[in-house]
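Working notes for the structure below.
All of the numbers you see were taken from the coordinates with simple rules; none came from a lab. Everything quoted here is computed from the prediction, not taken from an experiment. Reconstructed Cβ throughout: ideal geometry from the backbone, glycine too, with neighbour counts over all protein chains shown.
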Amino acid sequence: MVLAYWHIGREIVEQVQGGDTRAGYGRQVIDELARRLGQRFGRGFSTTNLKYFRLFYQAYAERQPRIRHKSCDESGNRGQIRHEASDVFAALASAADQATCLAGFSERLSWSHYRALSKVEHRAARQFYEIEAERDGWSVPHLERQIHTQLFARLLKSRDKAGVMDLASRGLVLERPVDALKSPYVLDFLDLPESHQLREAGLESAIIDKLQHFLLELGKGFAYVARQKRISFDDEYFYVDLVFYNVILKCYLLIDLKLGRLTHQDVGQMDSYVRLFDDQCTTEGDAPTIGLILCAEKNEAVARYSVLHESEQLFAAKYVTYLPSVEELQRELQRERRLLEPRTGGGRKR
């Protein structure tokens, strides 16, 4: 079906439209073609479907029309990674041109998957979603959610140009704790009340009620461990809001939920939690615990001038309870890049 629709799309673009790829071209021609195909072959050739076939071909015109029987992991698709310092948004555009194209189409993805992928504008992002959907067995609704919530863009915050290229050519590979994190986290599925009526306990309860959705938003490899996990210091007890374990990185993730703005006290508290948890709860073979402060608003001064800026184990990220626009995500990414500039001036990126 995938190959048939690719060929039909090619015929529409190359033969019916004479190579003109403009989306609005030939409406009457497409309507007439749909009518004739419907009479001859039956259902499945409506005007809407023919437009999808055309869009599919336009998105994958350089792709060889065959089904590959090797996964993207085995196909040697690494791309050419360049390490020049560059603005991450310019890198996104160049990655689309430089990323090596996958060979053929995946036998693990249906026409519905490729129809959703065809709507992704940037080739680098489209290829990233294709790799992830194939590798992790994403359903079509989950793929559509990841596209609509701009997962690719949210993962760019901790990556330089080489990192953008790596995402486009290999997908998301977890090698360091920072690889598993994104910003912002989109929690629109929680159906939370107005912010002035919300309490931290209510946010935590909502996450537990929608735990499957939250695990999908956290990303690959995470398993739920505990809620309000108790750790002790001398005769005092402390409680961590949520604890997860990443089976790929082999480490625990502690999450502290904050409704307001990030403070130095929040960072100091999480630092203590991570140290105590490492001392009391980890076992042989576990990597160092990482701590994530999920807050409604990040404080740039705290992020820049606290232990967050240098630590490999402590992170803070913003969460939003609605689906952000592309413009909002771009502003968020630009803000994150400003925070990283002093560290990424020629050294190691995080």
Next item on the list: Could you figure out which of (1) in contact with a Gly (Cβ under 8 Å, 6 or more places away or on another chain); (2) more than 18 Å from Ser183 (Cβ to Cβ) isn't true of Glu121?
Entry: (1)
Next item on the list: Just name the residue that is surrounded by the most Cβ atoms within 10 Å (Cβ to Cβ) out of those in the range 251-275 that are in a strand (DSSP E or B) and either on the phi > 0 side of the Ramachandran plot or of a type outside the set (D, E, K, R) (or both).
Entry: Leu254
Next item on the list: From the list Ala168, Ala226, Ala201, pick out the single residue that is among the small types (Gly, Ala, Ser) and touching a strand residue (DSSP E or B) at 6+ places or on another chain (Cβ under 6 Å).
Entry: Ala226
Item checked: All positions within the range 30-71 that are in a helix (DSSP H, G or I), charged (D, E, K, R) and within 28 Å of the chain's Cα centre (by Cα) -> Lys51, Arg54
